[in-house]
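Visitor: Submitted below is the structure of interest, expressed as structure tokens.
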Amino acid sequence: MQTNVDITLRVNGAAVSRRVEARMNLVDFLREELGLTGSHVGCEHGVCGACTVRVDGRIARGCLMVAAQADGAEVWTIEGLSDTGELRALKDAFVERNALQCGYCTPGMLLTAAELLERRPDAGRAEIRRFLSGNYCRCTGYEAIVDAVEMARGR
Amino acid sequence: MKPAPFAYVRAETLDDVFRVLDERGDGARVLAGGQSLVATLNMRLSAPEVLVDIGRVAGLAGIEDAGDTLRIGAMTRHVEVETSELAAAHTPLLASAMPHVAHPAIRNRGTFGGSIAFADPAAELPACAVALGARMTIAGRGGSRTVDADSFFRGLYETAVGPGEVLTAVEVPKIAAGWRSGFMELARRHGDYAIIGLAAHVQVDGGRFGGGRLVFFGAGDRPVSATRSAALLEGEAWSDALAARIADELKEELDPFEDLNADAAMRRHLAGVLVGRTLAPLAAG
């Protein structure tokens, strides 16, 4: 049996094929094989949300998937979603509200917030907090992040 | 890379799965959504020789109306149950539990069957399965068999799924007229594993309780159905005195573990708090 796996997927709209170790996490694949270091590696066991990426249209923990599971998938990271402009309103609101300090959690926060605004465009503050509960921020105390998501919602 | 090396097999059919499980025995682990398994791999709490990915096996995902039950395929993602109109209409307990199952990103990948088969004693869905009297379909080379939730959970992370077998579906009875469900848990952070939680499924008639189940999670090595405490409900209307009697009985009946979040006495106390918060609104209707 093979400890290496051939995978073909689309990352940020471009086709990618690689041979990877079966044990390689998706976020390590994105960072180390593809150089996409915008997805951050925090706790590496699914608690902090820093590695959040979008897989087949929905957010996922990049540390809780092995890259082999992403074969055939459509993966988007903070780099690609910044280029398309999809996150523009959220990013502007994060800057306006000072919703980041060190920035480590920000890519994961933005991807999570984008999914919330897509699925529940009328979300109030309590729902915003619940939806972001899987993403740790150690700088802001969250208040400014909730402000920013609320602000972006109206734009 | 954090996990120890392992081989990887992408199964296309259940026969592929059975073949690897037969060949590699305990060295093989089934990979469903991976939301618990990959975390344990990263921490090297488990180090299988081979992962069998069942993500592409046809026929394992989806929620079906099967008459008196909903048939939930093992590979159905949590988010599908969370947003299912069938689940909202017929299994309100599952619908109210779902937002507590980890976080959105994890619910997008994690599977209903994976959570049941992993059988974490602090997880929500095993307790819901016991409260509702769900039936698990387990497939092996010789065919399928069905196991009641009561005998499915055998101990800490132990289930009735035997060597060479895979959980393929869960049949969840639809709520019957006159029954009500309530769900509540206490966690440090919304979406984290509960310190303790309650899945309640009870009969209510004219403001009085009939039979029913109070199933706790985070209270033992598996879902704990507090039958003596639930029996105190029968024929009674909700009152503070009843709440106190049940809270006292729970202190006798439950034998919870202790960990960094709470000692056993605190869990016993919180069990009574949960009963009050969950059942009072059910009685009021």
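Visitor: What helices does chain B hold that run 27 Å or longer along their axis, going by alpha-carbon atoms, with a Kyte-Doolittle average of 0.5 or more, using DSSP H for the helix calls? Each step should come with its number before you reach the end.
Guide: On the way: long enough: B:264-284 (31 Å, 0.79).
The answer, listed by residue number, is B:264-284.
Visitor: For segment A:54-130 and segment A:141-155, compute the distance between their C-alpha centroids and round to whole Å.
Guide: 13 Å
Visitor: Within 10 Å of each Cβ in B:103-116, how many Cβ atoms from other chains are there, averaged over the peptide? Before the final figure, lay out each step's value.
Guide: Working: counts 13, 15, 20, 8, 3, 9, 10, 4, 0, 0, 0, 0, 0, 0.
Shielding by partners across B:103-116 averages 6.
Visitor: Same structure, new question: For B:Ser144, what is the net charge nearby, where nearby means another residue's Cβ is under 15 Å from its Cβ and Lys, Arg count +1, Asp, Glu -1? Before the final figure, lay out each step's value.
Guide: Working: positive: B:Arg71, B:Arg135, B:Arg141, B:Arg145; negative: B:Asp15, B:Asp148, B:Glu165, B:Glu171.
Cβ neighbours under 15 Å give a net charge of 0.
Visitor: For segment B:208-285 and segment B:111-172, what is the centre-to-centre distance using only Cα atoms, to the nearest Å?
Guide: 24 Å
Visitor: In deg cm²/dmol, rounded to 500, what helix-only [θ] at 222 nm does the protein assembly as shown give when every DSSP H run of at least 4 residues adds -39500 (n - 2.57) and the total is split over its residues? Mind showing how you got there, number by number?
Guide: Numbers: 17 runs with 147 residues, N = 440.
Calculated at 222 nm, the ellipticity per residue is -9500 deg cm²/dmol.
Visitor: Quick one: net charge around B:Gly62, please, counting Lys, Arg +1 and Asp, Glu -1 for every other residue with C-beta under 15 Å from its C-beta.
Guide: Details: positive: B:Arg56, B:Arg71, B:Arg77; negative: B:Glu64, B:Asp65, B:Glu80, B:Glu82, B:Glu85, B:Glu171.
Counting the neighbours of B:Gly62, the net charge comes to -3.
Visitor: Buried accessible area between B and A (1.4 Å probe, both chains summed, ligands and nucleic acids excluded), in Å² to the nearest 100?
Guide: Approximately 3200 Å² gets buried when B meets A.
Visitor: While we're looking at this one, here's another question. Give me the inter-chain shielding for A:55-61: mean count of other chain Cβ atoms within 10 Å, whole number please.
Guide: For peptide A:55-61, the averaged partner shielding equals 6.
Visitor: Still on this structure: Mind ordering A:18-25, B:53-60 by average Cβ neighbours within 10 Å, highest first? Don't jump to the answer; show the numbers that get you there.
Guide: Numbers: A:18-25: 20.1, B:53-60: 18.1.
So the order, starting with the most tightly packed, is A:18-25, B:53-60.
Visitor: With a ≥ b ≥ c taken as the square roots of the eigenvalues of the C-alpha gyration tensor of segment A:4-81, please select rounded if a/c is under 1.5 and otherwise prolate if a/b is larger than b/c or oblate if it is not?
Guide: Details: a/c = 1.57, a/b = 1.19, b/c = 1.33.
Oblate shape, in that a/c is at least 1.5 and b/c is the bigger or equal ratio.
Visitor: Only Cα pairs under 8 Å and at least 6 apart count here; give the relative contact order of segment A:80-155 as a rounded whole percent. Intermediate results must be reported in sequence, preceding the final value.
Guide: On the way: 69 pairs, mean separation 34.0, N = 76.
Worked out over segment A:80-155, it gives 45 percent.
Visitor: Tell me which residues come under 5 Å, amide H to amide H, from B:Val30 once H is placed; ignore anything under 5 positions away on its chain.
Guide: Placed amide hydrogens put B:Val52 under 5 Å from B:Val30.
Visitor: What residues does segment A:1-24 have that are buried by at least 10 Å² of accessible area in the full protein assembly compared to the chain on its own, 1.4 angstrom probe?
Guide: Output list: A:Met1, A:Gln2, A:Thr3, A:Val5, A:Glu21, A:Ala22, A:Arg23, A:Met24.
Visitor: Work through the residues other than B:Glu253 whose Cβ is under 14 Å from its Cβ and net out their charges, Lys, Arg +1 and Asp, Glu -1.
Guide: Numbers: positive: B:Arg213, B:Arg228, B:Arg245, B:Lys251, B:Arg267, B:Arg268; negative: B:Asp248, B:Glu249, B:Glu252, B:Asp255.
Net charge around B:Glu253: +2.
Visitor: Which of rounded, prolate or oblate describes the protein assembly as shown when judged by the alpha-carbon gyration tensor and an a/c cut-off of 1.5? Please report the intermediate quantities before stating the final value.
Guide: Working: a/c = 1.93, a/b = 1.28, b/c = 1.51.
Oblate is the answer for the protein assembly as shown, as a/c is 1.5 or above yet b/c matches or exceeds a/b.
Visitor: How large, in percent, is the carbon and sulfur part of the accessible surface of chain A at a probe radius of 1.4 Å?
Guide: On the way: 2890 of 6400 Å².
Looking at chain A in its full context, I get 45 percent from C and S.
Visitor: While we're looking at this one, here's another question. Dipole size in debye (nearest 20) for the protein assembly as shown around its Cα centre, Lys and Arg Cβ +1, Asp and Glu Cβ -1? Numbers along the way, then the final one.
Guide: On the way: 47 positive and 57 negative charges, 115 e Å.
It works out to roughly 560 debye.
Visitor: Percent relative contact order of chain B, based on C-alpha pairs within less than 8 angstrom and at least six residues apart?
Guide: Details: 624 pairs, mean separation 42.3, N = 285.
Relative contact order here is 15 percent.
The values are calculated or read from the model by the stated rules, or taken from the named source; none is laboratory data. None of the values given here were measured: they were computed from a predicted structure. Virtual Cβ from ideal backbone geometry, glycine too; neighbours counted across all protein chains shown. Quick note on the areas: whole protein, heavy atoms, side chains included, nothing else; ligands and nucleic acids left out. Shrake-Rupley method; radii C 1.70, N 1.55, O 1.52, S 1.80 Å.
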